[in-house]
Each structure stands twice: as C-alpha cells, then as structure tokens.
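Engineer: Pasting a structure here, questions to come.
The values are calculated or read from the model by the stated rules, or taken from the named source; none is laboratory data. In this text, all values refer to a predicted model and were calculated from it rather than measured experimentally. All Cβ positions, glycine included, derive from the backbone under ideal geometry; neighbour counts span all protein chains shown. The area values use the complete protein model at the heavy-atom level, side chains included, leaving out ligands, DNA and RNA. Shrake-Rupley method; radii C 1.70, N 1.55, O 1.52, S 1.80 Å.
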Amino acid sequence: MAVKIKKGDKVVVLSGKDKGRHGEVMKAMPKEGKVIVSGVNVAVRHKKPSQGSPQGGLERREAPLHVSKVAIEDPKTGKPTRVRFEFRDGKKVRVAARSGELING
C-alpha cells in the first residue's frame, strides 16, 4: 500500500492530549506505523549532569504518534482530510479527498 503521510507533510492531530494541534511531520516510520510531529506529543526526560551536559536538567523531545491519530491538513481549508491517489500527467499523485487539491506536488 502506498504511504499516505510523508516527511514534511502538514498534519492535524485527531485524538489524544494534543487533539486539534497542527504540525509538520519531522520523521515518518512506516514499518512501525508511527510519525513524529514537531511540537506535538512532547515528552520530558530528567537528565543527570554528565561530562557531555554538565548542567543536566529537563530534556523535552517529541515522542512518536501512531499514524492513525493524525490526518493530512487540507491545503485549501486547513482542516483534516483523507488522501486519495490519482494519475495526473502520467504520474501518481496524492490528492486531498476534501477539496481535490494536490498535496505537495
């Protein structure tokens, strides 16, 4: 099956503590079925002081989200949409099902 969400896509979170938040996919992991979205699902880790970071402190990092919890953002309206595949000019392209707009060329 073709990948519907790729790195660099603008997405909307559909469920969970960050529901309704928008972000860009920083990393897609299709084998695990997960994506990392910038500014969404931020986990905090406590770091002890070490030679690498003598200060120590809190480290904030985006944790992976399941791909079913996010949807592509419609380029026209900014609302979540499903993805459809079409052939345009002999190429297979991703199209927003909501508006029919092309997604990222």
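Engineer: Report, by residue number, each residue of segment 11-26 that is touching a Pro at 6+ places or on another chain (Cβ under 8 Å) and either open to solvent by 30 Å² or more (accessible area, probe 1.4 Å) or among the aromatic types (Phe, Trp, Tyr) (or both).
Structural biologist: Answer for segment 11-26, where residues must be touching a Pro at 6+ places or on another chain (Cβ under 8 Å) and either open to solvent by 30 Å² or more (accessible area, probe 1.4 Å) or among the aromatic types (Phe, Trp, Tyr) (or both): just Leu14.
Engineer: Name the single residue that is most open to solvent (accessible area, probe 1.4 Å) among those in segment 66-105 being among the hydrophobic types (A, V, I, L, M, F, W, C) and in a loop (DSSP other than H, G, I, E, B).
Structural biologist: First pass over segment 66-105, keeping only residues among the hydrophobic types (A, V, I, L, M, F, W, C): 67, 70-72, 83, 85, 87, 93, 95-97, 102-103.
Then keep just the ones that are in a loop (DSSP other than H, G, I, E, B); that gives 97, 103.
Numbers: Ala97: 39, Ile103: 11 Å².
This residue is Ala97.
Engineer: Could you please find all residues in segment 45-95 being under 18 Å from Ser15 (Cβ atoms) and among the hydroxyl-bearing types (Ser, Thr, Tyr)?
Structural biologist: Selection gives Ser68, Thr81.
Engineer: Answer with yes or no whether Ala71 is hydrophobic (A, V, I, L, M, F, W, C) and without any contact (Cβ under 8 Å) to a residue 40 or more places away in the chain. Reasoning before the result, please.
Structural biologist: Working: hydrophobic (A, V, I, L, M, F, W, C): yes; without any contact (Cβ under 8 Å) to a residue 40 or more places away in the chain: no.
So Ala71 fails the test.
Engineer: Please go through segment 7-44 and give me each residue that is of a type in the set (S, T, N, Q) and farther than 22 Å from Pro75 by Cβ, ordered by number. Can you show your working first?
Structural biologist: Keep residues of segment 7-44 that are of a type in the set (S, T, N, Q), which gives 15, 38, 41.
Result: Ser15, Asn41.
Engineer: Also, I was wondering about something else. Within segment 27-65, how many residues turn out to be surrounded by 15 or more Cβ atoms within 10 Å (Cβ to Cβ) and either free of Cβ contacts under 8 Å to residues at least 12 places away in the same chain or at negative phi (or both)? Lay out the reasoning, then the answer.
Structural biologist: First, pick out the residues of segment 27-65 that are surrounded by 15 or more Cβ atoms within 10 Å (Cβ to Cβ): 28, 34-37, 40-41, 62, 64-65.
Next, only the ones that are either free of Cβ contacts under 8 Å to residues at least 12 places away in the same chain or at negative phi (or both) stay: 28, 34-37, 40, 62, 64-65.
Looking only at that region, the number is 9.
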